[in-house]
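Chemist: The structure under discussion is supplied below as structure tokens; questions concerning it will follow.
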Amino acid sequence: MPIVRVALNVPVDTLFDYYAEHASQENIGLRVSVPFGKRQLAGIIMEVVANTEVTPEKLKTIQSIFTDNPPLPKKLLDLFTFCNQYYHHPIGMVIMNGLPAALRTTKPIKLQKDRSATWNNTQLHLTDAGKQIALSSIPKRQRIARSLLVRFQQADSIPGEAFKEDSSRIKQLIQQWRGLGWINTNAPHSAQDNTVIDSNIPTLTVEQNHAVNTILSTQNSYQVWLLHGITGSGKTEVYLRLIAAVLVQDKQTLVLVPEINLTPQLEAIFHNRFPYTNLISLHSGLNDTERLQGWLQAQTGEAKIILGTRLSIFTPLPNLGLIIVDEEHDHSFKQQDGLRYSARDLAIFRSKQVNIPIILGSATPSLESYHNAITGRYRVIQLTSRAIKNAALPTIQTIDTRIYKTFNGLSQPLLQALRTNLSEQQQSIIFINRRGYAPTLLCKSCTWTAACVRCSSRLVVHLRDKDLRCHYCGHQEHLPIHCPECGNQDLTPFGQGTQRVTETLSTYFPNARILRIDRDSTRRKDAWRSILQKIHKQEIDILVGTQILAKGHDFPNLSLIGILNSDNSLYSTDFRASERLFAQLMQISGRAGRSNNKGQVLIQTEFPDHPLYQALQRQNFDALAKNLLMERKIAGFPPYVHQAVLRAEAHRIETVIGFLNTAADLAKGYESIELFDPVPAQMLRLKGMERGHLLVQSASRKQLQIFLLQWQKQLSAVPTQKIRWVLDVDPVEL
Ligand code: ADP
Ligand code: ZN
Ligand code: ZN
């Protein structure tokens, strides 16, 4: 009887063998249900073989093979295998991490019937470019295309519904022509009705045009492109044109975006540009059925544009033509638990696998990508000016808070700038990267501060809900009425959070319409959409928000940005802190001056001379990046070395360090591997566990991989009842 080798969701890096009557090579990639101990587990067939090392008495028979969903394609299985080997994570867990929940169960799947592309109340018409197309330029044998052109020429505009019953060829043509800029639609996508989108297809700027043409010149071969474009340079438009070209070839595009509330906006833009294209969006807001549905449409090739956060890198894409990673520097592309993969790096693997181009877009590329560009591994395309005519970059200045003292977090010059901006009916943003009311609750008579019982962190005061919260583990407790140490009743919220800044601003500007935007205020479904509407309808004067404000959103009337408390990250122990702060501040600054208003950014700081702020004021990414790279080179940090970190946790740090010392002993004597001392984590306790890590690095990725393979095996043999450990390859934080 044939034997199938199955990947199961268990923490052992091996395949499990079972008898399977009638199984054949065609079954590879199919989902099965198998007995495992006393349980039934779902698994994926990875191999079908004739022999096994398992003794016949021990070999069980699979329970069922599911054929309700098609087998996972070979390319996807190869991706999983690569992850297994590169990240040293058990194969079954790698696969189950990537599959939609419905495919991780031992139950058959339920499918919805209606999978038609979205048809909406749009009107289509020829653009000026489209009107220039002569019927004679379309070959006679392309009868369908010719009659479609005539149909458009004879009407001012045609409602989208009119094409509903037409053949898929016609829908495809419409989509192609739209991509070519021959036809246009003039209504927003219905599901996003109120999102404001300009549906005219703009004429590309010289730089955009160059970017599109250059990338298209290698359309059918592997190449990593770093699209380094300042904020507002129109990277999205470049993506849209490239996608159009890919659609013309009837291929799929995967667009990866960071894990923030950006997807709906981008989804609306894409829908609006390609109204007849099947676009799916895969993000954490979906329920299991929706995710499965999207996944299956991608697998059949029906879905042409797949927009998603990091997990969508594991979507089966049989006909992939292009990958785009927007905001490629964003750390949310790296998963921070379980399988610690980098979706950006895997995206590069995938594009190589099928020999297609990949675009990494950013205003502030990661130093890794930047380095790869300098050394010629990636090709760079720069967009150095803003796409909208007359839109200029904002001016960036610092306010020296040693001279201009702050009161409740705000300095006089910033308040004055806000006042002026309000009187000119312009919108302002105050950016502070801490939600809640105040980061600390302090007793001034005995210096007690409220701390989390489970983490080494302070509890954040959330005055609105009258409680204290840990932002690391979610622990909540009531605001105490007196100090638990000395009984003092006068406890002081210390420092600033979004709630407090909002409160302070409303005392200064009682007539201003002030809105707070942070994770607390946007938790409700659709909250973002209504906020964006308010902003666009000019119903808001001042926005107070955290980094979720920073990305992607277009606020046309915004001309002032105040930045509070960014000094915290300047002297961090994490060598990536500067890079991250710079990216964040560039991004938030990029929100200003997007249309005809000039923008102004004011940073309150005690260190106005710090090189980071200097580079920021000159908006000179290259200068800073080269500086940071030099520092990294001297210090022997990535991208000049490759790192992996062994993370461990237990109830007591002594246990952790003991284990890490054993691990360090095992790691000695390997060629070109540099081993650091085991250390407790910067934040020692998290969720009741104490944590530590051991860093290893090597100038050679290959040597590091050879070492990790051995080390992982050795570590697995160490008895570790009280310890949880994991390897993190290419860590982005320690
Ligand atoms: P980025 O992602 O590079 O920060 P966006 O893609 O958000 O920039 O584009 C910024 C703004 O410029 C958007 O409002 C977009 O509609 C507009 N835009 C892009 N390309 C053009 C163009 N060629 N002509 C006019 N406006 C453009
Ligand atoms: Zn006290
Ligand atoms: Zn906590």
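Any read-out appearing in this document is the output of simple, stated calculations on the displayed coordinates, not a laboratory observation. Values in this document were obtained by computation on a predicted structure and should not be read as measured data. Here the Cβ positions follow ideal geometry from the backbone for every residue, glycine too, while neighbour counts run over all protein chains shown.
Chemist: In segment 631-693, which trypsin sites (Lys or Arg not before Pro) fall in coil by DSSP and have 13 or fewer other Cβ atoms within 10 Å?
Modeler: Within segment 631-693, the qualifying trypsin sites (Lys or Arg not before Pro) (loop, at most 13 other Cβ atoms within 10 Å) are R652, K668.
Chemist: Based on the alpha-carbon gyration tensor of segment 123-188 and its eigenvalue square roots a ≥ b ≥ c, which shape applies: rounded if a/c is under 1.5, prolate if not and a/b is larger than b/c, or oblate?
Modeler: oblate
Chemist: Need one number: convex hull volume per residue for segment 642-729, Cα atoms only, in Å³.
Modeler: Dividing the Cα hull volume of segment 642-729 by its residues yields 81 Å³.
Chemist: Which of rounded, prolate or oblate describes segment 193-383 when judged by the alpha-carbon gyration tensor and an a/c cut-off of 1.5?
Modeler: rounded
Chemist: Could you give the nm distance between label points at Q353 and R524, where each point is 7 Å from its Cα heading toward the beta carbon?
Modeler: Using points 7 Å along Cα→Cβ, the separation is 4.2 nm.
Chemist: Can you compute the modelled spin-label distance between N627 and A717, with each label point 7 Å from Cα toward Cβ, in nm?
Modeler: The modelled label-to-label distance comes out at 5.0 nm.
Chemist: How much of the pair distance distribution for segment 261-342 lies past 18 Å, counting alpha-carbon pairs only, in percent?
Modeler: 44 percent
Chemist: Sort 534-541, 357-364 for me by packing, meaning the mean count of neighbouring Cβ atoms within 10 Å per residue, highest on top. Before the final figure, lay out each step's value.
Modeler: On the way: 534-541: 16.0, 357-364: 24.6.
The most tightly packed comes first, giving 357-364, 534-541.
Chemist: Which shape class applies to the chain: rounded if a/c is under 1.5, otherwise prolate when a/b exceeds b/c and oblate if not, where a ≥ b ≥ c are the square roots of the Cα gyration tensor eigenvalues?
Modeler: It comes out oblate by the Cα gyration axes.
Chemist: Within a Cβ distance under 14 Å of M630, other residues only, what is the Lys/Arg minus Asp/Glu net charge?
Modeler: Details: positive: K626, R632, K633; negative: E579, D622, E631.
Overall, the nearby charge balance is 0.
Chemist: Residues in segment 28-50, backbone N under 15 Å from the label point at Q85 (7 Å along the Cα-to-beta-carbon vector): list them, ranges by number please.
Modeler: Answer for this model: none.
Chemist: Using 1/(1 + (r/R0)^6) with R0 = 56 angstrom and r between the beta carbons of V150 and D288, what's the FRET efficiency to the nearest 0.05? Intermediate results must be reported in sequence, preceding the final value.
Modeler: On the way: r = 46 Å, r/R0 = 0.83.
Plugging the Cβ-Cβ distance into 1/(1 + (r/R0)^6) gives 0.75.
Chemist: Is any residue of segment 636-650 close enough, with backbone N under 12 Å, to a label point placed 7 angstrom from the Cα of E674 along the Cα-Cβ axis, and if so, which?
Modeler: Only 636-644 fall inside the zone, counting backbone N under 12 Å.
Chemist: Sticking with this one: To the nearest 500 deg cm²/dmol, what mean residue ellipticity at 222 nm is calculated for the chain from DSSP H runs of n ≥ 4 alone, each contributing -39,500 (n - 2.57), summed and divided by the residues?
Modeler: Estimated from H runs of four or more residues: -9000 deg cm²/dmol.
Chemist: Moving on to the next point. Tell me, what is the FRET efficiency for N319 and A129 to the nearest 0.05, using R0 = 41 angstrom and their Cβ-Cβ distance as r?
Modeler: 0.90
Chemist: If packing is taken as the average count of other Cβ atoms within 10 Å, what order do 710-717, 57-64, 242-249 fall into, highest mean first?
Modeler: The packing order, highest mean first, is 242-249, 710-717, 57-64.
Chemist: Would you mind pulling out the separation of the Cα centroids of segment 470-548 and segment 657-731, in Å?
Modeler: One Cα centre to the other: 40 Å.
Chemist: Out of residues 5 or more away from K687 or on other chains, whose amide H comes under 5 Å of its own, with H placed 1.01 Å from N in the peptide plane?
Modeler: Those lying under 5 Å, H to H, from K687 are C455.
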